[in-house]
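*Asks:* I have a structure I would like to understand better, so I am pasting it below and will then ask my questions one at a time.
None of the figures in this text is laboratory data; all of them are computed from the coordinates on show. Quick caveat: nothing in here was measured; it's all calculated off a predicted structure. For neighbour counting, all protein chains shown are included, and Cβ atoms are generated from backbone atoms with ideal geometry for every residue, glycine included.
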Amino acid sequence: MSGETHETHGAVHRHEPPTSFIRKYIFSLDHKVIGIQYIILALVAVLVGMTMSVLMRMNLSWPGTNWPILGTLFPGGAPDGMMTPEFYLSLVTMHGTIMVFFVLTTAPQGGFGNYFLPIQIGAEDMAFPVLNMLSFWVTFVGFVVILAAIFFSGAESTVGPIGGWTGYAPLSALPNSGPGQGMGMNLWIISIAIFCVGSLLGALNFITTLLNMRAPGMSLMRMPLTCWAWFTTAVLALLSFPVLLGGGVLLLLDRTAGTSFFIPGGLYIGGELSGASANFPIHTGGSPILWQHLFWFFGHPEVYIAILPGMGATSHILSTFARKPVFGYRAMVFAIFAIGLLGFFVWGHHMFISGMSPYSAMTFSILTLSIGVPSAVKTFNWLGTLWGARIRFTTPMLFAIGFVSLFVAGGITGLVLGQSSLDLPMHDTYFVTAHFHLVMGVASIFGMFAATYFWFPKMFGRMMSERLGRIHFWITFVGVYCIFVPMHTMGIVGMPRRFAQFTEYEFLATLHPLVVFVSIAAIATVFAQILFYFNLVWSIFKGEKSGANPWEATTLEWITPSPPPHDNFAGVIPTVYRGPYEFAVPGAPNDFIMQTEPEPGTVPATEGAGNGHNGHRH
Amino acid sequence: MVAVVEKARVIQTAKSSANRYRIGMWVALASILMMFTALTSAYIVRAGSSSDWQPLNVPRVLWLSTALIIIGSGTLETARRKLKRESPTAYRRWLLISAALGFAFLLSQLFAWRQLVQQGIYVSSNPHSSFFYVLTATHGVHLVGGLIALLFISLRTRSGGDSEFAIAKGQAAADAVTFYWHFLDLLWIYLFVLLFFWRS
C-alpha cells in the first residue's frame, strides 16, 4: 500500500490524475482503467477461444478434409492439413480453459465490476488501488503463461495439454501420460495458480470496497442489484479459488516432486509399470477422486462466478428499459445469495459417475435441484419486471431479454442433469455440452453484451451504433440457439463429448447433417461478432455523443459526466436518498428519480449532489 | 450547519479509510482459511484412502517453533497496545522483537526440515511426509508475508505524521498485521496437532 497516493483527507481534496502515459494507461491505479484493461484482456482471450471452437467444428463436420492452412500453421498437429485426435483434444482443453478463466471470469467481474462497482456505490476508487493494479497484472501474466502452454506444450502434435479444462488426475498428474501432458500441463497448472492469486486479490478488494466505501445514505438495500451480484461473486471467488490453488500445488508436486496425492499405485502407461524406469517414478496410494473433489469444489462456484454478474446486469438493465422498479428487489438479493451459498454444496453433481455412494449422490441431487428455487425466483421477478411495461427495445435491453431466455433454456436442462439417475446416461454427452454452454457460457456472454451496450456511453462518452447492435443481437441470438439446441438431441442419441470424429460410429451417422448444421451456425455466429468488435472500435471515435445520462437511468454512475473524471465524482461525495430503481413513481414529475434526489421535506444535500442529471423539470 | 456536516464527513472519511485495512485483513484470512481447509480435507482423505501412510515422529525442534510463534504473538500484541497508548518508540521496539521471533520461527522450521532430510525423509517419501512439507511450506510462505508486513509497518512509524488520519491509519495497519500474526499462530498450532496428534 506504499504506492497509494490517493488518500482522502477531506471532501474538498481532489485527486489529480497521473500524467505519464505508463501511470495513466499501463500501471494505472484507477479502477476505471483497470476495468477496461480487464475487458480488453477478455476481448483478446475470447478471440483465441472462438478460433479454437471453429477449428473443432471444422474437424467434427468435415472429417478427412485437408485444410492446407492447418497444415501450414500446425505441421505437427495437422499433418497434411488433417487434425490428429490429440490436436483436437488440446483444442478442447485450451478452449475451455481460456473461455472459463480468461473470458467468463475476467470480463464480468474484473472488467465491469471494477469499473462500475465503485461508481455505483459512490466511492472514488477501490479500497486498495495498488492491489487492484496487481490483480490485473497477475491475471495478465497468467494469460501469458496459458498462451505459452499453446506454443511450448512440449509436443509437436498439440497446442497444450489434452486432459480438458478439469485436468483430471492421473492423466494430468503424469508427464508421460500423453502428448502435451509434459511442459504443456505444467504451464497450464502454473497459469491457473497465477490466475487464482490474481482473482483472490481482486475479490479481497471488491469485498472491502463494498463494505467500507459506500457513500453516505447508500445502505446495503439501496445498492443496485449489480453491486449485490459483484459482491456475491467476489465472496464465491474468495472462498473457492484458494481450494483450486491448494489442489493445483498438490498436482504440481505429483508431477514434479514424485509425491502421490492423486496418483494411484500400479499404473501402466505405454506398457510400462509405475516405478519401472527413472522417467516414470513409483507412485502408490493416491486418490484421483480427491482431485475431482478439490477441483469441483472450486469448479461449481466458478460457474456462478461467471453468471452472477450477468444476472446483476440483466436485472439492472431490464428495470431501466422497462421503466419499472425491479420486481421484488429484496427477493432478488436473497436469491443471489441463496444461489451463491447453495453453489458450495453441490459440487458432487459433477461426479455422479465417479463411484460415489448413491446416498451421497441423492444428497447432492436434492441440493442441486434446490438451486432451481432461487433461480426461478429470479426468472419470475425478471418476467414480473417486464410485465405490463412499456419497454424501450434498445440493444442492451434486447441482450438482457436474451439473457433471460438463455438462462431459462440452459437452466432447465440442469434439472435433468442434476438428477443422478438421469445423469448416468447423459454424462459426457453433447447434452452436457449444450447445457453448460447455454447457461454459463452464452448466457453470461449475453449479460456482458448487454452490459457493454448499456455502459459504453458512460465509459467512452459516445453511444454504440444501435443499428449494428440490433443486427448483432439477432444473428447471435438465433445463432446460439441453432448451435446448442441440436446438441441436446445429439446428446440424447448418445454422441459423446471430446471425440475428435464420429466416422467410426454407425449409430451416429444419421446425426451427421445436424453436426454440419451446428458447425455452419457456429461459424456464422463467430463471424457476426466482427460486427460487435467493429461497433466497439468505431463508436469510440465516431459514435454519437451521449451526455451524462442517455438512458434516463437512476443510479450513481449516471450523475457524473461520461466518461467519469479520475476520481469519479469530481471531488464530491454523492449522498444517496433512495433505492436504485425508482421508475414510474406516482406523482413524480419524471418517470425516473435519481438516487441522489432528496425526499421531499428532507434537508437538501449541502454539496449539490445529484446535479449531474438534467431530467429534473418542475 | 454546513461546516458541521462537512467536518463530520471528513472525520467519517478518515475513519472509514483507515478501517479498510482491518476489513481487508479479515477477508484475506477467510481466504487463507479456505486454502488450509482444502489441504486438511485432502490430508484426511489421503490418510484414510490407502495403507501406505507412515506417520513421522515429531521432530523435537517443532516444540521450539511452537513456543517461538506463541511468544511472538504475545510481543506483537504488546506492540499493538503500546501504539494505542501512543508510545511509538516502544511500539517499534516490540515490533522488531516480534519480527525477530518470527524469523527465529522460520529458522526453526527449516531446521526441522533439515533433520528430516538427514534421516532420508523427503517430500516424496510417504504421504505423511509429503503433507508435512506442503503444510509447513505453505504456512511458512504466509509467515514470510507477515514478516514483510511487520518490517513495513515498523519502517512506517518513522514517517507517519501526526494528523488524526495518519494515526488512525497506523493503528488500523497495526491491528491488521496483529490479527494476521495471531491467525498464523493459531494456524500453526492447528497444523501441529493435525500432523502429529491426529490419527485416522
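*Asks:* If the chain between A:Ile520 and A:Trp137 were fully stretched, how many nm would it gain, using 0.36 nm times the residue separation less the Cα-Cα distance? Write down the numbers at each step before the final one.
*Replies:* On the way: separation 383, 0.36 × 383 = 137.88 nm, distance 3.72 nm.
Value of the extension gain: 134.2 nm.
*Asks:* Does the stretch A:317-543 classify as rounded, prolate or oblate by the C-alpha gyration tensor (a ≥ b ≥ c root eigenvalues; a/c under 1.5 gives rounded; else a/b over b/c gives prolate, otherwise oblate)?
*Replies:* On the way: a/c = 2.57, a/b = 1.29, b/c = 1.99.
Oblate, because a/c is 1.5 or more while a/b does not exceed b/c.
*Asks:* Using DSSP loop states and a limit of at most 12 other Cβ atoms within 10 Å to flag trypsin sites (Lys or Arg not before Pro), what is the longest stretch of chain B containing no flagged site?
*Replies:* Working: sites that count: B:Arg60, B:Arg85, B:Arg158, B:Arg199.
Within chain B, the longest run free of exposed trypsin sites (Lys or Arg not before Pro) spans B:86-157.
*Asks:* Just to check I understand the Karplus step: with θ = phi - 60° and J = 6.51 cos²θ - 1.76 cosθ + 1.60, what whole-Hz values come out for the stretch A:476-493, glycine and proline as x?
*Replies:* These are the phi-based 3J(HN,Hα) values: 5, 5, 5, x, 5, 5, 5, 6, 9, 5, x, 4, 4, 4, 4, x, 5, 5 Hz.
*Asks:* Related question: Can you give the local net charge around A:Ser315? Use residues other than it whose beta-carbon is closer than 13 angstrom to its beta-carbon, Lys and Arg +1, Asp and Glu -1.
*Replies:* Numbers: positive: A:Lys324, A:Arg330, A:Lys378; negative: none.
In short, +3.
*Asks:* Please turn the phi angles of the stretch B:187-196 into ³J(HN,Hα) values with the Karplus equation 6.51 cos²θ - 1.76 cosθ + 1.60 (θ = phi - 60°), one per residue in order, whole Hz, x for glycine and proline.
*Replies:* 4, 5, 4, 4, 5, 4, 5, 4, 6, 10
*Asks:* Right, here's the next one. Quote to one decimal, in nm, the extra length available between A:Ala509 and A:Phe380 on full extension: 0.36 nm per residue of separation minus the C-alpha distance between them. Don't skip to the answer; put the middle values down first.
*Replies:* Details: separation 129, 0.36 × 129 = 46.44 nm, distance 4.09 nm.
Full-extension gain reported as 42.4 nm.
*Asks:* Another question, then. Computed FRET efficiency, Cβ-Cβ of B:Trp53 and A:Val485, R0 45 Å: what is it to the nearest 0.05?
*Replies:* Details: r = 50 Å, r/R0 = 1.12.
Once rounded, the FRET efficiency stands at 0.35.
*Asks:* Then there is this: Taking amide H positions as placed in the peptide plane 1.01 Å from N, state which residues far from A:Arg462 in sequence (5 or more) or on other chains have amide H under 5 Å from it.
*Replies:* Here the answer is A:Ser546, since their amide H atoms fall under 5 Å of that of A:Arg462.
*Asks:* Viscosity 0.890 mPa s, temperature 25 °C: Stokes-Einstein D of the protein assembly as shown from its Kirkwood Cα radius, in µm² per second? Provide the component values of the computation, followed by the final result.
*Replies:* Values: Rh = 28.4 Å.
Answer, rounded: 86 µm²/s.
*Asks:* Does chain B classify as rounded, prolate or oblate by the C-alpha gyration tensor (a ≥ b ≥ c root eigenvalues; a/c under 1.5 gives rounded; else a/b over b/c gives prolate, otherwise oblate)?
*Replies:* On the way: a/c = 3.75, a/b = 2.10, b/c = 1.79.
Judged from the Cα gyration tensor, chain B comes out prolate (a/c at least 1.5, a/b above b/c).
*Asks:* Compute, for the stretch B:2-196, the length of the dipole vector about the Cα centre, with Cβ point charges of +1 (Lys, Arg) and -1 (Asp, Glu) only. Units Debye, rounded to 20.
*Replies:* Value, rounded to 20: 580 debye.
*Asks:* Can you compute the modelled spin-label distance between A:Tyr168 and B:Ile71, with each label point 7 Å from Cα toward Cβ, in nm?
*Replies:* 5.3
*Asks:* Still on this structure, I have one more. Report the net charge of residues surrounding A:Leu174, where surrounding means a beta-carbon distance below 9 angstrom and charges are Lys +1, Arg +1, Asp -1, Glu -1.
*Replies:* 0
*Asks:* Spin-label point model (7 Å from Cα, Cβ direction): what's the B:Val4 to A:Ile26 distance in nm?
*Replies:* 5.2
*Asks:* Per the helix-only calculation at 222 nm, which mean residue ellipticity applies to chain B, given -39500 (n - 2.57) for every DSSP H run of n ≥ 4 and division by its residues, nearest 500 deg cm²/dmol? Mind dumping the intermediate values first?
*Replies:* On the way: 5 runs with 166 residues, N = 200.
About -30000 deg cm²/dmol.
*Asks:* May I pose another question? I'd like to know how the stretch A:221-364 sits against the 2.2 N^0.38 Å rule of thumb: what's its Cα Rg over that expected value?
*Replies:* Details: Rg = 21.3 Å, N = 144, 2.2 N^0.38 = 14.5 Å.
Taking the Cα Rg and dividing by 2.2 N^0.38 Å, one obtains 1.46.
*Asks:* I want to make sure I understand the PRE zone here: with the label point 7 angstrom from the Cα of B:Ser41 toward its beta carbon, which residues in the stretch A:220-248 have backbone N atoms less than 16 Å away?
*Replies:* What the label zone holds, given the 16 Å backbone N cut-off, is A:236-248.
*Asks:* In terms of the Cα gyration tensor, with a ≥ b ≥ c the square roots of its eigenvalues, is the stretch A:445-485 rounded because a/c is under 1.5, prolate because a/b exceeds b/c, or oblate? List each step's numbers first, then the result.
*Replies:* Working: a/c = 5.64, a/b = 2.07, b/c = 2.72.
Note, shape of the stretch A:445-485 comes out oblate.
*Asks:* Each residue of the stretch A:232-243 in order: what ³J(HN,Hα) in whole Hz does its phi give by Karplus 6.51 cos²θ - 1.76 cosθ + 1.60, θ = phi - 60°, with x for Gly and Pro?
*Replies:* 3J(HN,Hα) across the stretch A:232-243, in whole Hz: 4, 4, 5, 5, 4, 5, 4, 9, 9, 4, x, 5.
*Asks:* Where the centroid of each part is defined by its Cα atoms, how far is the stretch A:204-252 from the stretch A:344-386 in Å?
*Replies:* Their Cα centres are 22 Å away from one another.
*Asks:* Check which residues have an amide H placed less than 5 Å from A:Gly217's amide H, if you skip close sequence neighbours.
*Replies:* Distant-sequence amide H within range of A:Gly217: A:Val576.
*Asks:* Quick one: which residues, 5+ away or cross-chain, put their amide H under 5 Å from the amide H of A:Thr429? H built at 1.01 Å from N.
*Replies:* Under 5 Å from the amide H of A:Thr429 lie the amide H atoms of A:Arg497, each far enough along the sequence or on another chain.
*Asks:* Counting Lys and Arg as +1 and Asp and Glu as -1, what is the net charge of the other residues whose Cβ lies under 14 Å from the Cβ of B:Met25?
*Replies:* Numbers: positive: B:Arg20, B:Arg22, B:Arg80, B:Lys169; negative: B:Asp175.
Net of charged neighbours comes to +3.
*Asks:* What is the distance, in nm, between label points placed 7 Å from the Cα along the Cα-to-Cβ direction at B:Glu86 and at A:Ile366?
*Replies:* 6.1
*Asks:* Within chain B, what's the longest stretch lacking chymotrypsin sites (Phe, Trp or Tyr not before Pro) that sit in DSSP loops with no more than 16 other Cβ atoms inside 10 Å? Each step should come with its number before you reach the end.
*Replies:* On the way: sites that count: B:Trp53, B:Tyr122, B:Phe197, B:Trp198.
By the stated rule (loop sites, at most 16 other Cβ atoms within 10 Å), B:123-196.
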